[in-house]
Each structure stands twice: as structure tokens, then as C-alpha cells.
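Peer 1: Structure provided below as C-alpha cells; questions to follow.
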Amino acid sequence: MNSMTNTAPWSLRRLHEANEAQINELADVLIDCVEGDASVSFMHPLPRERAQAFWRGVASGVAAGERALLVAEDMQGICGTVQLVLAQPENQPHRADLAKMLVHRRCRRQGLGEALMRAAESMARDCGKTLLVLDTVTGDNGERLYQRLGWQRVGVIPGYALLPRGGLVGTTVFYRELA
């Protein structure tokens, strides 16, 4: 997959495996997001070893066919990512969870989040999925992006998670039916 336009300063591609260099770059993106106060399951400060261990687990899931992983790359390396959790219960083979849509702060406000979401939807179709679900911090930029892209808001769970530096935050659940 390539970027949505030829003028974008990044390109998109699906990884079918992740080597140590890519795991390190993905860890950089995750650490940057946590340092920027993104509520993405980790607390601040996020040790590099913990971030790398997370991405090694993701890479294992990708290799096993349980996850699909998209990355965005610019001149400095990986600058964004999103994944689909493909492994679902046997009565839900038609759906996937969209997870860890992350954009490095150096690449925000350039359309990368939208490009990652559209590419993830396309990848889900390629994987035979017709329904996607996700959750995001209530009131955050991600919530506005998902609404703008036509995702359906299910509702809010108050006090769902901690922000990276503490303090409870709600989560908004969304779904998207794929044509």
C-alpha cells in the first residue's frame, strides 16, 4: 500500500513480519505517543524495554496470522501504525478490532491518521472482515477523526482508563460496517 497521494511525506505498507529494527522504530512511536499524553494502555514514563516487549508480542501475533500490522514510514523511519486484531471467537469470524492507531508527533496534522484508518479498513476487507470495532479516549482527536470518517458511535464508558500521567478518562466505543 502506498500513501493516499503522491505528495504525502510518508508511505504506508503492511508488515507480515517485524524485525528488530522495525520493533525499535515502533517502540519509538509508542514512547513518543505516551510522552505526548496519549492514553494507549501504557503509563509514563514508558521504558524502552517495555515498549519493545509489547511490539515483539504484536510481531508474534502478526507471524501467527492473529493480527495485521500497517506502518507509515517517512524519511526518518516508522512514524505511524495501526493494527487489526483478526483472531476473534469462532462465532465472530466476520469482525476485527482496530487497535493502537498511533502517529508520531512529528507527523500529526498531515492526514496520516486518516490515511492509516482508510488503509486499515481496506486491509480488513482484504482479510475478509465486514465489521470493525475500536475504542478511543472520549473527547480526544481520535474520537473526532473516527466520527468524521463515518464510524458509528456506540457510547461512552466513564472512568475507563488512566491517562499516562494519571487521572481517569472515559472511552468512546465505535464500530464500522465495511461494504
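Computed from the coordinates by the stated procedures, all read-outs in this text should not be read as laboratory data. Just so we're clear, the structure is a prediction, and the values are computed from it rather than from any experiment. Virtual Cβ from ideal backbone geometry, glycine too; neighbours counted across all protein chains shown.
Peer 1: Tabulate in residue order the Karplus-calculated ³J(HN,Hα) for the stretch 167-179, using 6.51 cos²θ - 1.76 cosθ + 1.60 with θ = phi - 60°, rounded to whole Hz; enter x for Gly and Pro.
Peer 2: x, 6, 9, x, 10, 10, 9, 10, 9, 9, 8, 9, 7
Peer 1: Further question: Which whole-number percent of Cα pairs in the chain have a distance greater than 20 Å?
Peer 2: Cα-Cα pairs of the chain separated by over 20 Å account for 53 percent.
Peer 1: Counting Lys +1, Arg +1, Asp -1, Glu -1, what net charge surrounds Thr172 among other residues with beta carbon under 10 Å of its beta carbon?
Peer 2: Neighbour charge sum, excluding Thr172 itself: -2.
Peer 1: Kindly write out, for the stretch 138-147 in residue order, the coupling ³J(HN,Hα) from the Karplus curve 6.51 cos²θ - 1.76 cosθ + 1.60 (θ = phi - 60°), rounded to whole Hz, with x marking Gly and Pro.
Peer 2: 5, x, 8, 4, x, 4, 5, 4, 4, 5
Peer 1: Take the Cα pairs of the stretch 2-62, get the Kirkwood Rh, then feed it into Stokes-Einstein at 20 °C and 1.002 mPa s and tell me D in µm²/s.
Peer 2: Rounded, D is 168 µm²/s.
Peer 1: To continue, here is another question. In the stretch 8-37, whose amide N lies under 11 Å from the spot 7 Å out along Cα-to-Cβ of Arg106? List them in ranges.
Peer 2: 29
Peer 1: Let me ask you something else. Report, in debye and to the nearest 20, how large the dipole of the chain comes out about its Cα centre when Lys and Arg carry +1 and Asp and Glu carry -1 on their Cβ.
Peer 2: Computed about the Cα centre, the dipole is about 340 debye.
Peer 1: Moving on to the next point. Mind checking which of Val156, Val71, Val82 has the largest fluctuation in a GNM of the chain, springs on alpha carbons under 10 Å?
Peer 2: Sorting by GNM fluctuation, first place goes to Val156.
Peer 1: Same structure, new question: Using a 4.7 Å Cβ cut-off, which Cys residues in the chain lack a partner cysteine?
Peer 2: Cys33, Cys127, each lacking another Cys Cβ under 4.7 Å.
Peer 1: Let me have the 222 nm mean residue ellipticity of the chain computed from DSSP H runs of 4+ only, each contributing -39500 (n - 2.57), with the sum over all residues rounded to the nearest 500. Don't skip to the answer; put the middle values down first.
Peer 2: Values: 4 runs with 55 residues, N = 179.
The helix-only estimate for the chain comes to -10000 deg cm²/dmol at 222 nm.
Peer 1: So for the pair Asn141, His16, with labels modelled 7 Å out along Cα→Cβ, what separation do we get in nm?
Peer 2: In this crude label model, Asn141 to His16 measures out at 3.3 nm.
Peer 1: A further question on this structure: Got the relative contact order for the stretch 11-129 handy, in percent, Cα pairs under 8 Å and 6 or more residues apart?
Peer 2: Numbers: 176 pairs, mean separation 30.5, N = 119.
Rounded, it is 26 percent for the stretch 11-129.
Peer 1: Next up: Which value in nm describes the separation of the simple spin-label points at Glu90 and Glu49, placed 7 Å from the Cα toward the beta carbon?
Peer 2: Between Glu90 and Glu49, the simple spin-label model gives 4.0 nm.
Peer 1: Turning to a different aspect of this structure: Can you list the HN-Hα couplings for the stretch 66-76, worked out from phi with the Karplus curve (6.51, -1.76, 1.60; θ = phi - 60°), rounded to whole Hz and with x for Gly and Pro?
Peer 2: The phi angles translate into 8, 9, 10, 10, 10, 10, 10, 10, 10, 5, 9 Hz.
Peer 1: Could you give the longest part of the chain that holds none of the GluC sites (Glu not before Pro) found in DSSP loops with at most 12 neighbouring Cβ atoms within 10 Å?
Peer 2: On the way: sites that count: Glu17, Glu90.
In the chain, the maximal stretch lacking such sites is 91-179.
Peer 1: If you don't mind, there's one more thing I want to ask. Report, by chain and number, residues whose modeled amide H sits under 5 Å from the one on Glu66, excluding near sequence neighbours (fewer than 5 apart, same chain).
Peer 2: none
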